[in-house]
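Everything below concerns the one structure shown next.
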Amino acid sequence: MSNPVYLAVDVPRLDAARALATRVKAHIGGLKLGLEFFCAHGHHGVHEMAHLGLPIFLDLKLHDIPNTVAAAMQAIHVLEPAIVTVHASGGRAMMEDAKAAAGEHCKVVAVTVLTSLDDSDLSQTGIGGSAHDQALRLADLAHSAGLDGIVCSGQEVGAIHRQWKDGFFVVPGLRLPEGKSADQKRTVTPRIARDNGASVLVIGRPISRAEDPVAAARAIEATL
Ligand code: C5P
């Protein structure tokens, strides 16, 4: 079984990002590059990271009209990402067009409700009901639009996996029992997320901010 851990490379400098990934690459399964990395370093930065030989997850959270998102997907196609994110709230047509433009080797997964939003934030945007219900509704929409899966917390992945057996589930916010949670509130351990159906485990600071990132990545790998 391949290693499900994708390192969230939330490091502003390209040389530092490359150095970190080079150190831990034997103990992770892929690299997650976010919007901040892509805005700062663009295609060049992604190519530099891809030279390490690990699959690339471009976490761009695309959200625009279908034509624009499809064109953006085509523009990043040359980078051969293994996974790309879009916002499920962009709607069915946008997700369908994103998937069609992605090419067969790229998984397109949907962000449902950002974990930074709670029920009252949603109500300010005109969405009634709970963030939890909205996330489940958008997960259903992503499924019916033909996406590969969604991004969700380790606390939800079991329930969503029961509804969507062959879904591809990306789970961030993971911590070892002794680890610091920092700004993540709804954490579970990598092992629990994996046992509950996570396909990809996104892990950032528990590795990148560890005194010894290699030892931290090995310790996580050993729990899986
Ligand atoms: O450092 P940490 O392990 O908390 O990093 C988690 C990564 O997953 C970060 O890149 C963060 O932006 C991302 N993420 C998240 N929660 C979500 C979606 C993405 O923490 N709901």
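The values are calculated or read from the model by the stated rules, or taken from the named source; none is laboratory data. Just so we're clear, the structure is a prediction, and the values are computed from it rather than from any experiment. Cβ atoms come from the backbone with ideal geometry, glycine included; neighbour counts cover every protein chain shown. Side chains included, ligands, DNA and RNA excluded: accessible areas come from the protein's heavy atoms. Shrake-Rupley method; radii C 1.70, N 1.55, O 1.52, S 1.80 Å.
The string of couplings for the range 120-137 from the Karplus curve (6.51, -1.76, 1.60, θ = phi - 60°) is 6, 4, 5, 5, 5, 9, x, 9, x, x, 8, 4, 4, 5, 5, 5, 5, 4 Hz, one whole number per residue in order, with x for Gly and Pro.
Could you work out the helix-only [θ] at 222 nm for the chain, with each DSSP H run of four or more residues adding -39,500 (n - 2.57) and the total divided by the number of residues, to the nearest 500 deg cm²/dmol?
Values: 10 runs with 97 residues, N = 224.
It comes out at -12500 deg cm²/dmol, rounded to the nearest 500.
Taking the Cα centre of the chain as reference, the dipole from Cβ charges on Lys and Arg (+1) and Asp and Glu (-1) amounts to some 520 debye. Per-peptide packing, taken as the mean over residues of other Cβ atoms within 10 Å, places 86-97, 207-218 in the sequence 86-97, 207-218 from highest down. Residue ranking by accessible heavy-atom surface, 1.4 Å probe, largest first, among 205, 23, 162, 175 comes out as 162, 23, 205, 175.
If you take the Cα centroid of the range 189-224 and the Cα centroid of the range 1-56, the two points sit 15 Å apart.
Averaging sequence separations of C-alpha pairs under 8 Å and six or more residues apart, then dividing by the length of the range 1-107, give the relative contact order as a whole percent. Spell out each step's value before the answer.
Working: 162 pairs, mean separation 24.2, N = 107.
For the range 1-107, the relative contact order is 23 percent.
Distances between placed amide hydrogens fall under 5 Å for residue 62 paired with 85, 86, 87, all partners being 5 or more residues away or on another chain.
When each of the peptides 77-84, 48-55 is scored by how many other beta carbons lie within 10 Å of its residues on average, the order from highest to lowest is 77-84, 48-55. Based on Cα atoms of the range 5-223, Rg over Rh with Rh as the Kirkwood radius reads 0.95.
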